[in-house]
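Notes follow once the structure below has been shown.
The values are calculated or read from the model by the stated rules, or taken from the named source; none is laboratory data. The structure displayed is predicted, hence computed values, not measured ones. Methodologically, a virtual Cβ is constructed for each residue, glycine included, from the backbone with ideal geometry; neighbour enumeration extends over all protein chains shown.
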Amino acid sequence: MILKLAQSRKTIRKFKPEIPPLKNLLYAIETAKEAPSGMNYQPWKFIIINDQHIKNKIRNICEKAEKTFYENSKGILKDFLLKNNINWKKEFLSEAPYLILVFADRRAPFSKESTWLSIGYMLLALEEKKLSTVTYTPPNIKEISELINVPKIFSLEAILPIGYSDDLKEKLNRKNLNEIVFFNKFNKFDKEE
Ligand SMILES: Cc1cc2nc3c(=O)[nH]c(=O)nc-3n(C[C@H](O)[C@H](O)[C@H](O)COP(=O)(O)O)c2cc1C
């Protein structure tokens, strides 16, 4: 069952305006908080945003920095962005009914690793509830944190816009097991390694 959820999940960047039940977001966070964490510190905090005014402000802050980021991107990053039609515009930040901002307590051991594990749990729980998201990593976390009064000990790790998908995109390919799993020693399997 978990495998089926993992296989059907895909990143969505375009959302319908319909508002999903808040209880389904809370279900996803309840799942996230069961993740393991360094010293069981549970360093994560989640802020749910549904105020349109604040969503617009977050979008403006992000797009300002994204413009510079995209102008400077090159190599495989630039190729990936072009191929996937991703640009500096982040409509999903104002169009998704909800944003979940995920923070990591900097004081915790393995704070980032633990918080990202919780994000992984959350992605599968959202999939189970037929909700879509994109794991967006904003370029200018300081300005966003100031906007919503986040103490400096918490670092903004990701913004998850949540809603129903309005995108029929295909799931991106995954590597085969034999390319990523080895027994006893690392095996070369192609010239890139
Ligand atoms: C750590 C991490 C950071 C990511 N940052 C972004 C991001 O800033 N913007 C974005 O549009 N997608 C972002 N993504 C989504 C990835 O591009 C996406 O997961 C990947 O292309 C695979 O596609 P899939 O999720 O549809 O399988 C991020 C994903 C992860 C795990």
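Inside the stretch 155-184, residues that are more than 17 Å from the chain's Cα centre (by Cα) and away from the ligand (no atom under 11 Å from the Cβ) make up a count of 12. Taking the criterion of being in contact with a Phe, Trp or Tyr (Cβ under 6 Å, 6 or more places away or on another chain), among the basic types (K, R) and more than 13 Å from the ligand (Cβ to nearest atom), the only residue of the stretch 1-39 that qualifies is K16. Could you grab the pairs with beta carbons closer than 7 Å, sequence gap of 6+ or different chains, first residue in the stretch 89-100 and under 15 Å from K57 (Cβ atoms) and of a type outside the set (S, T, Y), second one modelled with pLDDT under 95 and buried (at least 18 other Cβ atoms within 10 Å of the Cβ)? These pairs meet every condition: K90/E66. How many residues, within the stretch 105-154, are within 16 Å of the ligand (Cβ to nearest atom), free of Cβ contacts under 8 Å to residues at least 40 places away in the same chain and outside any helix (DSSP H, G or I)? Here the count works out to 2.
Could you figure out which of (1) in a loop (DSSP other than H, G, I, E, B); (2) surrounded by 15 or more Cβ atoms within 10 Å (Cβ to Cβ); (3) of a type in the set (A, V, I, L, M) isn't true of I19? Status for I19: all satisfied but (2). The single condition among (1) touching a Lys or Arg at 6+ places or on another chain (Cβ under 9 Å); (2) more than 21 Å from S132 (Cα to Cα) that K74 does not satisfy is (1).
Within the stretch 161-184, being surrounded by 10 or more Cβ atoms within 10 Å (Cβ to Cβ), at pLDDT below 95 and closer than 30 Å to I29 by Cα holds for one residue alone: K169. Taking the stretch 35-63 as the range and being of a type outside the set (G, A, S) and more than 18 Å from the chain's Cα centre (by Cα) as the test, the residues that pass are P36, M39, N40, Y41, Q42, D51, Q52, H53, I54, N56, K57, N60.
Is it the case that some residue within the stretch 23-34 is part of a loop (DSSP other than H, G, I, E, B), at pLDDT 95 or above and crowded, with 17+ Cβ neighbours inside 10 Å? No, that holds for no residue.
Evaluating L93 against the criteria (1) out of contact with any strand residue (DSSP E or B) (no Cβ under 7 Å at 6 or more places or on another chain); (2) surrounded by 17 or more Cβ atoms within 10 Å (Cβ to Cβ); (3) assigned to a helix (DSSP H, G or I) leaves one unmet condition, (1). Can you spot a residue in the stretch 125-143 that is surrounded by 18 or more Cβ atoms within 10 Å (Cβ to Cβ), of a type in the set (S, T, N, Q) and at negative phi? Within the stretch 125-143 (the criterion being surrounded by 18 or more Cβ atoms within 10 Å (Cβ to Cβ), of a type in the set (S, T, N, Q) and at negative phi), the answer is yes, since at least one residue qualifies.
Among the residues of the stretch 76-89, are any touching a Leu at 6+ places or on another chain (Cβ under 8 Å), polar (S, T, N, Q) and buried (at least 17 other Cβ atoms within 10 Å of the Cβ)? The answer is no; no qualifying residue exists.
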